[in-house]
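Take a look at the structure below.
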Amino acid sequence: MEVVNIKTKFNTSVETYDSQRRFFIPCFDDYYQTGIKLLAYMRKEFNSVLDLGAGTGLLSRYLYETYPTANYTLVDIAEKMLDIAKLRFEGLSNFSYCEADYSKELPQGEFDLVSSALSIHHLDEQEKFSLYTSIYNKLPSGGCLLNVDQFNAGSEEMNKQINHLWYTQISTSGISDEQQNLWLQRRELDKENTISETLAMLKEIGFSHVESVYQYLKFGVVLAIK
């Protein structure tokens, strides 16, 4: 992971990050909530949740609404992002925070749900495989991985067309030129693979059930169960 660049660019955008999400993610509500709705149907509770690249705590917020009694550990390399998360969950004793590069090492302990939103695509393929392996080893039997992320299309031409549509939607969304330029700088850090490559990787590592449960253009949700 390009630690310095990621930390700098995300710390720089912290003040407007949450408010700008819907400009960049046209399917925002379905994107963040579909996987959690499926989890809620499958499982009534989780004891411990590890949120990787948690940022300001957006995904953890949705998870908390469904699983309010779980213990949450939020990990991010950008400390200013975590500062926003701390304010979001202020007063809640079941939240803890860890400023760290999760691609190097995961926090101590066992977690029965590992989640991530818009973060793992910053890793190269070897780093992704290593991270998914570490996650697998952290999970008990029946434990879950929920990855809400960006993915490439299956062909170069289709990827080009989808990217063009996405960029057009953003440029006409009403977002300022300054914010769009900051987003383009963050895009330089992206190392997306395809959903099919991700599913194959998770199956190779040993997850029993692996599924793409939502997809809209670049945006996909992958659920894996050990």
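What is the gain in length, in nm to one decimal, between GLU99 and GLU157 on full extension, counting 0.36 nm per residue of separation less the C-alpha to C-alpha distance? Let's see the in-between values first.
Numbers: separation 58, 0.36 × 58 = 20.88 nm, distance 3.84 nm.
Separation in residues times 0.36 nm, less the Cα-Cα distance, equals 17.0 nm.
Helix-only estimate, please: 222 nm mean residue ellipticity of the chain, summing -39500 (n - 2.57) across DSSP H runs of length 4 or more and dividing by its residues, to the nearest 500.
-14000 deg cm²/dmol, from helical runs alone.
With +1 on the Cβ of every Lys and Arg and -1 on the Cβ of every Asp and Glu, and nothing else charged, how large is the dipole of the range 82-226 about its Cα centre, in debye rounded to the nearest 20? Walk me through the numbers on the way to the answer.
Numbers: 12 positive and 21 negative charges, 60 e Å.
Computed about the Cα centre, the dipole is about 280 debye.
From the P(r) of the chain, can you give the percent of Cα pairs sitting at distances over 29 Å?
21
Shape verdict for the range 87-179, please, from the Cα gyration tensor: rounded (a/c under 1.5), prolate (a/b greater than b/c) or oblate.
The shape class here is oblate.
In whole Å, how far is the Cα centre of the range 102-141 from that of the range 177-220?
14
For the range 43-90, what is Rg from Cα atoms divided by 2.2 N^0.38 Å, rounded to two decimals?
1.09
Quick check on the range 17-132: take the gyration tensor over C-alpha atoms, sort the square-rooted eigenvalues as a ≥ b ≥ c, and tell me if it's rounded (a/c under 1.5), prolate or oblate.
Details: a/c = 1.16, a/b = 1.07, b/c = 1.09.
Because its axes are fairly even, with a/c under 1.5, the range 17-132 counts as rounded.
Between LEU165 and LEU184, what length comes free when the chain is fully extended (0.36 nm per residue of separation minus the Cα-Cα distance, one decimal in nm)?
5.3 nm
Would you mind checking the radius of gyration and Dmax of the range 146-226 based on alpha-carbon positions, in Å?
14.8, 45
Which lysines have a Cα lying under 28 Å from the Cα of LYS128, excluding residues fewer than 8 positions away in the same chain?
LYS7, LYS9, LYS37, LYS80, LYS86, LYS104, LYS138, LYS160, LYS191, LYS203, LYS218, LYS226
Could you check the spin-label model distance between TYR216 and ASP30? Points 7 Å from the Cα along Cα→Cβ, value in nm.
In this crude spin-label approximation the distance works out to 0.6 nm.
Between LEU92 and GLN126, what length in nm is gained on full extension when 0.36 nm per residue of separation is reduced by their alpha carbon distance?
Details: separation 34, 0.36 × 34 = 12.24 nm, distance 3.63 nm.
My answer for the length gained is 8.6 nm.
Run the quick spin-label model on ILE175 and GLU45: label points 7 Å from Cα toward the beta carbon, then report their separation in nm to one decimal.
Placing both labels 7 Å along Cα→Cβ, they lie 4.0 nm apart.
Read the figures in this text as sums done on the coordinates, not as results from a lab. Owing to the predicted nature of the structure, the values given are computational and were not obtained by experimental measurement. All Cβ positions, even for glycine, are placed from backbone atoms using ideal geometry, and neighbour counts span all protein chains on display.
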